[in-house]
Amino acid sequence: MREPPASLILRYTLYGVFALTALLTVTLPFMLDTYFGYFYDAYNLLPGYRTFIMAFLIFTGAGGIWVEMEMILMLRSIPTNPFISRNVQALKRVGVILAVLAAAFTGKCILYITLLTMVCAIIFILACLFAFTLASLFSQAVAFREENDLTI
């Protein structure tokens with residue numbers, strides 16, 4: 001079966017986003033100094049903020065890289081058969097990672113509240129729920145497919 005053009009575009013876009021996220025995470029210490037040099041941030045005046053934001057961004061960047069890798073691996077199964085138990089487990093892992101990222105952004109809102117942090121927390125909560133819903137759907141599709149294979 002040929003892979004649909006939309007999933008090809010999505011997969012190659014994910015490759016680019018994966019590479020960009022890895023590059024940004026690695027160069028974060030240099031970019032953060034440049035950011036704080038050019039833009040005013042009231043929180044930057046607080047002691048320990050730079051260390052906190054560095055650890056926070058590295059942690060969330062690593063979570064983003066993990067989610068992107070899981071999605072790339074899932075998209076690779078489309079030409080053969082996407083309804084496999086490995087994809088169900090991948091979606092469950094993605095849901096857990098997104099829940100952890102949502103908790104991290106919510107925690108950051110408690111310490112250093114910004115509008116973008118609140119929006120990201122809400123997006124990660126919705127994405128987490130979406131991933132778990134898709135995992136449930138894929139699980140049912142896998143069971144249906146296995147039952148259908150046994151019938152034949």
Which residues, counting only those in the stretch 45-77, are small (G, A, S) and within 19 Å of I9 (Cα to Cα)?
S77
Go through (1) farther than 19 Å from I122 by Cα; (2) in a helix (DSSP H, G or I); (3) of a type in the set (A, V, I, L, M, F, W, C) and name the single condition F59 misses.
(1)
Only one residue in L91, L28, L57 is more than 27 Å from L129 (Cβ to Cβ), surrounded by 12 or more Cβ atoms within 10 Å (Cβ to Cβ) and of a type in the set (A, V, I, L, M), so which one is that?
L28
Filter the stretch 94-139 down to residues that are among the polar types (S, T, N, Q) and either exposed (fewer than 12 other Cβ atoms within 10 Å of the Cβ) or outside any helix (DSSP H, G or I) (or both), then give me how many there are.
1
Among M31, M69, M54, the single one that is of a type in the set (A, V, I, L, M, F, W, C) and modelled with pLDDT of 95 or more is M69
If we ask which residues in the stretch 1-23 are among the hydrophobic types (A, V, I, L, M, F, W, C) and surrounded by 14 or more Cβ atoms within 10 Å (Cβ to Cβ), their number turns out to be 6
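The values are calculated or read from the model by the stated rules, or taken from the named source; none is laboratory data. Quick caveat: nothing in here was measured; it's all calculated off a predicted structure. All Cβ positions, glycine included, derive from the backbone under ideal geometry; neighbour counts span all protein chains shown.
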